[in-house]
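Visitor: Starting off with a structure, shown below.
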Amino acid sequence: MYRTGYSTTSPLRIRLLAVTLAVPMGLGAAVGCNKTPEPEKATDLERIQPQQDEKGAAAKSKLPPIPDGPAAVVGGVEIPREKFMAIYELKLKKYVDRGREVPTASDRRYRKSIIDRLIWAEVLRQEAAKLGVTIDPKDVEARLQKQREGIKDWEKHLERRGETEDSLRELVEIELLEKAILNKLGRLAVTDEEIRAEYEKVKDHYKSDKPRVRASHILIPVGPKDRLRPEPGKPPPPEPTEEEKKKWEAEALAKAKEIYEKAKAPDADFAALAREYSEGPSGPKGGDLGIFTKDRMVEEFAEAAFRLGVGEVSKPVKTKFGYHIIKVTGKWPAGTLPLDALEDQIRKRLEQRKLFEGKRDLKKELLSKYEIKNNIEPTLGPDPRARRPKPPAAKRTLGAGGEAKSGETKAGEAKAGG
């Protein structure tokens with residue numbers, strides 16, 4: 001029996017298929033049709049409204065756009081929408097630049113944190129005005145300057161943080177205003193009675209079988225600063241010559257001797273000299289190293305410090321770190337440190353505790369005191385964390401005699417043997 005046509009596997013059929021397929025493939029390659037089209041990047045906030053949650057699942061609802069008009073009104077004072085948007089757009093910029101949609105949970109968190117802090121800043125300003133409390137602009141600038149230290153590209157740093165220069169300045173102002181208001185209200189004062197009570201609680205933690213001293217120092221390292229703190233990613237500097245080593249050594253010693261002459265003067269302010277000259281990490285704290293035993297320091301430093309009497313200043317002492325001018329501010333034998341040794345430390349700890357608790361209480365108090373209209377809050381929707389079911393409480397099973405099974409404990413008993 002004869003077959004009409006030709007086989008799909010015949011040489012002629014294969015050649016025809018090859019020619020037929022080659023034409024569109026060649027044309028496609030010529031015009032670039034085989035390239036995967038790049039995703040179009042979002043260019044405005046309307047196109048990056050959140051569609052997905054943090055895990056990538058489709059979100060049940062989309063957050064509404066930011067409304068026109070003021071972002072909030074506090075005590076009759078409007079917080080402009082533009083002020084909110086300046087920070088909000090920076091927070092979302094990383095998603096815009098990558099053409100990604102903003103996760104709903106992230107968007108909600110950004111909106112809430114920004115408007116909450118703008119409202120709180122305005123509340124603080126109004127309360128400070130009522131109390132006659134002010135902050136020094138120099139203190140604000142000093143804090144900002146401290147943050148700028150060591151950052152090469154400040155603008156890029158702000159962008160990464162999602163802040164503007166003005167918004168960062170306001171964060172510093174919030175911190176200073178909180179403390180100033182609490183001081184005005186007398187809520188940060190620490191009494192001698194509180195210090196003594198705290199000392200009784202902690203004194204057993206300050207026992208030692210070795211003598212201790214408290215000392216401050218001024219460190220003058222040997223060699224140029226760029227050798228001491230090389231920039232990350234750069235190769236280490238070449239090994240110095242013997243002549244360079246001798247030169248750096250002589251310069252460091254000469255500077256240390258000059259500072260020593262100033263430090264040993266009867267009216268010298270050692271802490272101020274340390275802040276001005278010391279290259280060590282304790283310099284900004286006036287050179288204070290705290291209380292230590294002899295074995296906590298390098299040998300040359302420890303020997304010099306423990307030979308000094310209270311209030312005495314050492315001549316320059318050489319260690320592997322450079323030259324040190326040391327001043328001993330306290331000295332105690334083995335045993336429990338007395339109250340006077342720990343008083344400053346306890347006072348600072350109590351001040352920090354009162355500041356933390358004071359900020360929390362002040363916020364609760366003032367936010368309930370002022371009339372606030374938050375126009376961003378309606379766009380947040382329900383808090384997703386509020387919908388999470390709580391895990392069931394662990395069941396406690398008791399044996400026949402009332403003892404707890406599987407290592408559990410009965411109420412009122414300590415876990416480690418009662």
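Taken together, the values in this text are just the output of simple stated rules run on the coordinates, not laboratory data. All values derive from a computational prediction rather than experimental measurement. Neighbour counts run over all protein chains shown; Cβ positions are idealised from the backbone, glycine included.
Visitor: Rg to Rh for segment 183-275: what is it, with Cα atoms only and Rh by Kirkwood?
Guide: Numbers: Rg = 22.3 Å, Rh = 18.7 Å.
Checking Rg against Rh, the ratio lands at 1.19.
Visitor: While we're here: Name the residues of segment 251-288 whose amide N is less than 20 Å from a point 7 angstrom out from the Cα of GLU303 along the C-beta direction?
Guide: 253, 257
Visitor: OK, next. Where does the charge balance sit around GLY290 when Lys and Arg score +1, Asp and Glu -1, over other residues with C-beta under 11 Å from its C-beta?
Guide: For residues surrounding GLY290, the net value is +2.
Visitor: Further question: List the residues whose amide H sits under 5 Å from the amide H of SER282, counting only those 5 or more places along or on another chain, with H placed 1.01 Å from N in the peptide plane.
Guide: Those qualifying (amide H under 5 Å, at least 5 residues apart or on another chain) number zero.
Visitor: Now a separate question. So which lysines pass the test for LYS91, namely a Cα distance under 16 Å, with those fewer than 8 places away in the same chain ruled out?
Guide: Partners found: LYS83, LYS112, LYS156.
Visitor: Scan around THR319 for amide H atoms under 5 Å from its own, H built in the peptide plane at 1.01 Å from N, and keep only partners 5 or more places away or cross-chain.
Guide: Residues meeting the amide H criterion: HIS324.
Visitor: With equal scatterers on the alpha carbons only and no solvent term, can you work out the Debye log10 of I(q)/I(0) for segment 231-335 at 0.16, 0.24 1/Å?
Guide: Here log10 of I(q) over I(0) equals -0.80, -1.42.
Visitor: Of the listed pairs LYS294/LYS315; LYS264/LYS331; LYS207/LYS359; LYS130/LYS179, which have alpha-carbon separations greater than 24 Å here?
Guide: Checking Cα-Cα distances, LYS207/LYS359 exceed 24 Å.
Visitor: Next up: Rounded to whole Å, give me the distance from the Cα center of segment 159-224 to that of segment 268-293.
Guide: Segment 159-224 and segment 268-293 have Cα centres spaced 16 Å from each other.
Visitor: Over 10 Å intervals from 0, what percent of Cα-Cα pairs in segment 257-392 sits in each interval?
Guide: Pair shares across the bins are 9, 26, 22, 12, 11, 13, 7, 0.
Visitor: Taking the number of other C-beta atoms within 10 Å as the exposure measure, put VAL328, VAL77 in order starting with the fewest.
Guide: Ascending number of Cβ neighbours within 10 Å: VAL77, VAL328.
Visitor: Going by Cα centres, segment 73-149 and segment 331-375 are how many Å apart?
Guide: 25
Visitor: Tell me, what ³J(HN,Hα) does each residue in segment 160-165 have, in order and in whole Hz, if you take phi through Karplus 6.51 cos²θ - 1.76 cosθ + 1.60 with θ = phi - 60° and put x for Gly and Pro?
Guide: Per residue, the Karplus-derived 3J(HN,Hα) values read 5, 6, x, 10, 9, 4 Hz.
Visitor: Also: What residues have an amide H closer than 5 Å to that of ILE79, excluding those fewer than 5 places away on the same chain, when H is modeled at 1.01 Å from N in the peptide plane?
Guide: ALA71, ALA72, VAL73, VAL74
Visitor: Whole-Hz ³J(HN,Hα) for each residue in segment 265-282, computed from phi via Karplus 6.51 cos²θ - 1.76 cosθ + 1.60 with θ = phi - 60°, x for glycine and proline: what do you get?
Guide: Each residue of segment 265-282 in turn: 5, x, 9, 5, 9, 4, 4, 5, 5, 5, 5, 7, 10, 5, 9, x, x, 7 Hz.
Visitor: Sticking with this one: Provide the per-residue ³J(HN,Hα) series for segment 172-179, in order, calculated from phi with Karplus coefficients 6.51, -1.76, 1.60 and θ = phi - 60°, each as a whole number of Hz, with x at glycine and proline positions.
Guide: Using θ = phi - 60°, the values come out as 5, 4, 4, 4, 6, 5, 4, 5 Hz.
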